[in-house]
Amino acid sequence: MAHGYLLLSLLGTLMPQILEVKSDRILNYGSNKTRFLAAVPVDGRVRLALTVQETEETPAGLRVTYGVKFELEGAPKPAMIAEILFVYG
């Protein structure tokens, strides 16, 4: 079984395949509501779904909250869901 934090670490590789952001500065601000809902077997296939949930102008720059979901092939529920926050300046 793959550990849940392995899925979380895959965000850095998979997000740029879905989304391109042009900014002088990109700060990974953290995550909220991270839940590991299903175990991923070693040969399991996952797919990342990404949505923009909220944007907010802050003194540090534009803070964007993304909803992320790792779907597990053949499973009735996602392997992981979370909110991921970035600040672009």
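The values are calculated or read from the model by the stated rules, or taken from the named source; none is laboratory data. As the structure is a prediction and not an experimental result, all values here were calculated from the model. Virtual Cβ from ideal backbone geometry, glycine too; neighbours counted across all protein chains shown. Only protein heavy atoms, including side chains, enter the accessible area calculation; ligands, DNA and RNA are left aside. Shrake-Rupley method; radii C 1.70, N 1.55, O 1.52, S 1.80 Å.
Below are the figures for this structure:
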| item | result |
| --- | --- |
| Selected from Gly61, Leu8, Ala39, residue furthest toward positive end of dipole (the chain; charges at beta carbon) | Ala39 |
| Modelled FRET efficiency - R0 22 Å, Gln17 with Glu83, Cβ distances, 0.05 increments | 0.65 |
| Inter-label distance, nm, simple model (7 Å from Cα along the C-beta direction), Ala60/Val42 | 4.0 nm |
| Accessible surface of the chain [probe 1.4 Å, protein heavy atoms]: carbon and sulfur percent | 53 percent |
| Highest to lowest packing among 37-46, 53-62, scored as the average C-beta count within 10 Å | 37-46, 53-62 |
| Magnitude of the charge dipole, the chain, Cβ model with Lys/Arg +1 and Asp/Glu -1, debye to 20 | 180 debye |
| Average accessible area per residue (Å²) across the range 1-46 - probe 1.4 Å, nucleic acids and ligands excluded | 80 Å² |
| 12 Å Cα-Cα reach of Lys33 towards aspartates and glutamates, excluding residues that sit fewer than 8 places from it in its own chain | Glu83 |
| Correct option for Cα Rg over 2.2 N^0.38 Å [calculated from the coordinates] among [x] 1.14; [y] 1.56; [z] 1.00 | [x] |
| FRET efficiency, Asp24 to His3 (Cβ-Cβ, R0 35 Å, nearest 0.05) | 0.55 |
